[in-house]
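This report concerns only the one structure given below.
The values are calculated or read from the model by the stated rules, or taken from the named source; none is laboratory data. Remember, it's a predicted structure, so these values are computed and weren't measured experimentally. Note: ideal-geometry Cβ built from the backbone for every residue, glycine included; neighbour counts use all protein chains shown. Heavy atoms of the whole protein, side chains included, go into the accessibility calculation; ligands, DNA and RNA do not. Shrake-Rupley method; radii C 1.70, N 1.55, O 1.52, S 1.80 Å.
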Amino acid sequence: MEIDRVGQELQTPIFTPEKINGSFIGKDILSLDQFDPSSLFHLFDLSRKMREIGVNAQADRTLEGNHAILLFYEPSSRTRVSFEAAVKQLGGAVTVVENPQQFSSVSKGESFDDTIRTFEAYCDTIVLRHPDVGAANQAAKMAKHIPIINAGDGIGEHPTQALLDLFTIREHAGSLSN
């Protein structure tokens, strides 16, 4: 039995996230392993367009009518603000929940699984930052109707940061070879 940092039992069944295979619609982003080269290049093409929106401070409606919950069990101001700013600039709504172990029903004993299922009812995606490896996979297993985006799970993965790093390397070096 594995226990997380707030003293709750973590369930650790084998969970394999769905491969991206060129389509991001409705899919969790939990691991860099979900991306094949063609999915990466498709993402990089979209990233160039998103960069132009950001650089030019353009209003956009790509996410209009969508709501993201940023659920951050540990502090990370750059990651949180980057997600919040991006969702808002793309016309979406954002609710930020920081330190739920202190300021939500988690502090009264609500389980991680119940927290995910509850928030799932309020939004179109959950962006999760958690100190425990595997927490994003557990959240994805619990959330049946919305995608989970892993914004870092302890010493595990931070796939969105890795994707940004790969995009930056490719933009500056022109390739990811060697």
Filter result (of a type in the set (S, T, N, Q) and surrounded by 17 or more Cβ atoms within 10 Å (Cβ to Cβ)) within region 83-110: Q89, Q101
Of the criteria (1) without any contact (Cβ under 8 Å) to a residue 24 or more places away in the chain; (2) out of contact with any Asp or Glu (no Cβ under 9 Å at 6 or more places or on another chain); (3) open to solvent by 30 Å² or more (accessible area, probe 1.4 Å), which one T118 fails: (2)
Selected residue [in contact with a His (Cβ under 7 Å, 6 or more places away or on another chain) and surrounded by 21 or more Cβ atoms within 10 Å (Cβ to Cβ)] from D153, D124: D153
Subset of region 21-49 (residues that are of a type in the set (A, V, I, L, M) and surrounded by 15 or more Cβ atoms within 10 Å (Cβ to Cβ)): I29, L30, L32, L40, L43
Failed criterion for Q58 (all others in (1) surrounded by 15 or more Cβ atoms within 10 Å (Cβ to Cβ); (2) in contact with a helix residue (DSSP H, G or I) (Cβ under 8 Å, 6 or more places away or on another chain) hold): (1)
Qualifying helices (runs of 4 or more DSSP H) (wholly inside region 94-178; at least 2 residues being modelled with pLDDT of 95 or more and more than 21 Å from L32 (Cα to Cα)): 112-120
Hey, G65 over 22 Å from E18 (Cα atoms), open to solvent by less than 40 Å² (accessible area, probe 1.4 Å) and in a loop (DSSP other than H, G, I, E, B) or not: no
Which listed residue is more than 14 Å from P17 (Cβ to Cβ) and not basic (K, R), from N99, N137: N99
